[in-house]
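Everything below concerns the one structure shown next.
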Amino acid sequence: MSILDRIEGPGDLKGLSIKELETLAQEIREAILDVVSQRGGHLAPSLGVVELTLALHYVFDTPHDKIVWDVGHQAYAHKLLTGRRGFFHTLRQYGGISGFPKPSESPYDAFATGHSSTSISAALGMAVARDLKGEGHKVVAVIGDGSMTAGLAFEGLNHAGQLDRDLVVVLNDNEMCISPTKGALSHYLSRRLADPGYLRFREEVKRLAVGKPGGDVFLRAVRKFEESVKGFFTPGILFEELGFKYVGPVRGHHLGELVKTLEAVRKAKEPILVHVLTKKGKGYEPAEREPHRFHGVGPFHIETGEPKAKGKISYTQAFSQALLRLAEEDDRVVAITAAMPDGTGLTPFAQRFPQRFFDVGIAEQHAVTFAAGLAAQGMRPVVAIYSTFLQRAYDQIIHDVALQDLPVTFALDRGGLVGADGPTHHGVFDLSYLRCVPRMVLMTPADEEELARMLKTALEWEGPAALRYPRGEATGVGIPIEIEPMEVGKGELVREGKDLVLVVAGHLLREAQEAVDLLEKRGIIPALVNARFVKPLDKDLILQWAAITGRVVTLEENAILGGFGSAVLELLVGEGVTVPVLNLGIPDDFVAHGSQGELRKALGLDGPSLADRIQEWVAGASRGEVISLVG
């Protein structure tokens, strides 16, 4: 029996030796590789923190002590150690365990995370709540993998230093490279500065000096000397200035050093930042060699690291190809992303136009206002960000772009259901939150040809414009040789009908076509409209077919509340058109994780389910009834 087989919870770690922990670390890596190679997931981040995870659960008393994992894609080892080993094969599967921390899944998951840079603020809130309630547990925030590039992280650090609470922040640094000599000195100083004897000496000096004549001067001198030493040998002076006691760098794959450091830190009662150096993808050579490619992966062959399946080009790749071609034609086009050049398809752009590409780090707010500044000076910025991440820059979209009517193009990848990443990543609110922004043109393509044409349309539009497209394979129609813009606000009649008009926003057109085929076999003949534009709507086309058929069904992979269907209802009411209406989309709830196909079926958005829902509705919706709403 392996050591991992004997671990039912963190308490089972306490009696293990450092040597046994090292063996367990290897077993955990093998378990992660086995499941992720079959199911997909965030591989490199989780492989990089195996020893750190073991040390944290070995030293701290979880779940009494709270560990907040930033982003959460580094928490696979945490899940294996906290009672979910038997369910780990269901990782990110429909009905299985989440790929991110989820309090409803386990008491060891102290805080739900999926977006970056939230851990310090959340952990500080927990620490303050602890103090207000007179409790005595520890609170630890584990942040890394680029999350410290976000302003939110520094806002949390600044407030934590001001409040001077008992809080531990572990900075998981997998980017910094320290030379052997300097590294050795840093390791030595870290051990000394984290040593319990040193910490007691530091507090004793403070106690003796406070209130004594000249004590303040003496303390300032001691603090100045300590900061000078650490500032010379370590990168911690910034954190010291923010009010944190800095410890590090600590070797993140050296379990003995990690345990000793964390045991010393656990005894302190002040804000402490522990700087840990790790290697992303540790223990799996392909992931160590290409950590960005293995950050988030689909199923792959363990022997080679190559993906198991290759299909049609994705919508992301289609966007990438179209943007490259349009940027060749217009040197005003610049591309901006927030730490996601690979995920948004901008890596080829960065290689072809390095002077016109900007990765701003995990700083979506800055990305949007930076784009506004570029646009104000005549450039044509394209901000490529996942739909769910653009939510973080909503004020900037309104205040810095739309209010000034600036020509910024928002390319929203992962619009709609994203699949296994679940509720933190589903892009199902963008049509709602962008539709109400004045002066915004909002488009959603049904295929990659329309995506390319909409991108061209946005770049030629003299104001803000957004296009949202889904994760996954495109339809295979390809990108036209000559990319022509669309007429703003014009949809497309795909099929004529007489019993109802099904108006579709975006990529669910394929599911809608399947539903229409099924309905025709049942004697119901729908007209089918590809809306293309959510704002402005093609009023004439929608009103014409509402009048012809007497029934309207809207379909979108977005929240029904405030989305495309709501826009159509507003149009009909505003024009005094009284017909039955059925809105189909995402209900007023968060959607779980699972494959896109499984989730669409569960939500009634796949072809057969759509046909059944529409048939049932038609049976109860007579022509000329007052508008009725069904979610």
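Details
- Of all residues in region 462-511, exactly one satisfies the criterion of being crowded, with 21+ Cβ neighbours inside 10 Å and hydroxyl-bearing (Ser, Thr, Tyr), namely 469.
Results for (1) aliphatic (A, V, I, L, M); (2) out of contact with any strand residue (DSSP E or B) (no Cβ under 7 Å at 6 or more places or on another chain); (3) closer than 18 Å to residue 383 by Cβ, shown as yes or no for each residue.
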{"site": "428", "(1), (2), (3)": "yes, no, no"}
{"site": "441", "(1), (2), (3)": "yes, no, yes"}
{"site": "446", "(1), (2), (3)": "yes, no, no"}
{"site": "450", "(1), (2), (3)": "no, yes, no"}
{"site": "453", "(1), (2), (3)": "no, yes, no"}
{"site": "461", "(1), (2), (3)": "no, no, yes"}
{"site": "466", "(1), (2), (3)": "yes, no, yes"}
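- Residue within region 74-94 that is closer than 23 Å to residue 386 by Cβ, surrounded by fewer than 19 Cβ atoms within 10 Å (Cβ to Cβ), among the aromatic types (Phe, Trp, Tyr) and assigned by TED's automatic domain parsing to the domain that holds residue 152 present: yes
- Criterion: in contact (Cβ under 8 Å) with a residue 60 or more places away in the chain, out of contact with any helix residue (DSSP H, G or I) (no Cβ under 7 Å at 6 or more places or on another chain) and either acidic (Asp, Glu) or assigned by TED's automatic domain parsing to the domain that holds residue 73 (or both) - qualifying residue of 359, 395, 421: 421
- Considering region 233-341, the qualifying helices (runs of 4 or more DSSP H), each wholly inside and each with 1 or more residues that are farther than 30 Å from residue 352 by Cα, run over 237-241, 255-266.
Residue-by-condition table, conditions (1) touching a His at 6+ places or on another chain (Cβ under 9 Å); (2) buried (at least 17 other Cβ atoms within 10 Å of the Cβ); (3) of a type in the set (Lys, Arg):
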{"site": "443", "(1), (2), (3)": "no, yes, no"}
{"site": "446", "(1), (2), (3)": "yes, yes, no"}
{"site": "456", "(1), (2), (3)": "no, yes, yes"}
{"site": "515", "(1), (2), (3)": "no, yes, no"}
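- One residue from 131, 109 being outside the structural domain of residue 389 (by TED's automatic domain parsing), closer than 22 Å to residue 59 by Cα and assigned to a loop (DSSP other than H, G, I, E, B): 109
- In region 150-168, the residues that are in a helix (DSSP H, G or I) and under 23 Å from residue 137 (Cα atoms): 153, 156, 157, 158, 159, 160, 161, 162, 163
- From the options 427, 415, 373, residue that is within 26 Å of residue 291 (Cβ to Cβ) and either touching a helix residue (DSSP H, G or I) at 6+ places or on another chain (Cβ under 9 Å) or among the small types (Gly, Ala, Ser) (or both): 427
- Positions within region 401-426 being touching a Pro at 6+ places or on another chain (Cβ under 8 Å) and part of a strand (DSSP E or B), in sequence order: 409, 410, 415, 416
- Of all residues in region 532-588 being hydroxyl-bearing (Ser, Thr, Tyr) and under 29 Å from residue 402 (Cβ atoms), the one that is surrounded by the fewest Cβ atoms within 10 Å (Cβ to Cβ): 566
- Residue match in region 442-449 (condition: on the phi < 0 side of the Ramachandran plot, more than 24 Å from the chain's Cα centre (by Cα), in a helix (DSSP H, G or I) and free of Cβ contacts under 8 Å to residues at least 40 places away in the same chain): yes
- Qualifying residue in region 504-512 (condition: assigned by TED's automatic domain parsing to the domain that holds residue 606, out of contact with any Pro (no Cβ under 6 Å at 6 or more places or on another chain) and part of a loop (DSSP other than H, G, I, E, B)): yes
- Any hit, region 454-462, residues being assigned to a loop (DSSP other than H, G, I, E, B) and touching a residue at least 60 places away in the same chain (Cβ under 8 Å): no
- The numbered conditions (1) closer than 17 Å to residue 335 by Cβ; (2) surrounded by 24 or more Cβ atoms within 10 Å (Cβ to Cβ); (3) touching a Leu at 6+ places or on another chain (Cβ under 7 Å) are all true for residue 426 except (1).
- Selection within region 65-118 - under 13 Å from the mean Cα position of the chain (by Cα) and either at positive phi or aliphatic (A, V, I, L, M) (or both): 71, 72, 112, 117
- Among the conditions (1) surrounded by 20 or more Cβ atoms within 10 Å (Cβ to Cβ); (2) assigned to a helix (DSSP H, G or I); (3) among the β-branched types (Val, Ile, Thr), residue 398 misses just one, which is (1).
- Any hit, region 369-388, residues being charged (D, E, K, R) and surrounded by fewer than 19 Cβ atoms within 10 Å (Cβ to Cβ): no
- Criterion: within 26 Å of residue 425 (Cα to Cα), modelled with pLDDT of 90 or more, in contact with a helix residue (DSSP H, G or I) (Cβ under 8 Å, 6 or more places away or on another chain) and part of a helix (DSSP H, G or I) - qualifying residue of 25, 77: 77
- Complete set of residues in region 1-34 that are surrounded by fewer than 20 Cβ atoms within 10 Å (Cβ to Cβ) and β-branched (Val, Ile, Thr): 3, 18, 23
- Candidates 311, 296 - the one that is in contact (Cβ under 8 Å) with a residue 12 or more places away in the chain, farther than 22 Å from residue 71 by Cα and not acidic (Asp, Glu): 311
- Among residues of region 112-128, those that are without any contact (Cβ under 8 Å) to a residue 40 or more places away in the chain and in a loop (DSSP other than H, G, I, E, B), counted: 0
- Selection status of residue 395, among the charged types (D, E, K, R) and closer than 28 Å to residue 586 by Cβ: yes
- Hits in region 463-501 - residues which are part of a strand (DSSP E or B) and in contact (Cβ under 8 Å) with a residue 40 or more places away in the chain: 465, 466, 467, 468, 473, 492, 493, 500, 501
- Qualifying positions in region 246-304 - over 29 Å from the mean Cα position of the chain (by Cα), of a type in the set (Ser, Thr, Tyr) and surrounded by fewer than 22 Cβ atoms within 10 Å (Cβ to Cβ): none
The values are calculated or read from the model by the stated rules, or taken from the named source; none is laboratory data. Remember, it's a predicted structure, so these values are computed and weren't measured experimentally. Positions of Cβ are generated from backbone atoms using ideal geometry, with glycine treated the same way; all protein chains shown enter the neighbour counts.
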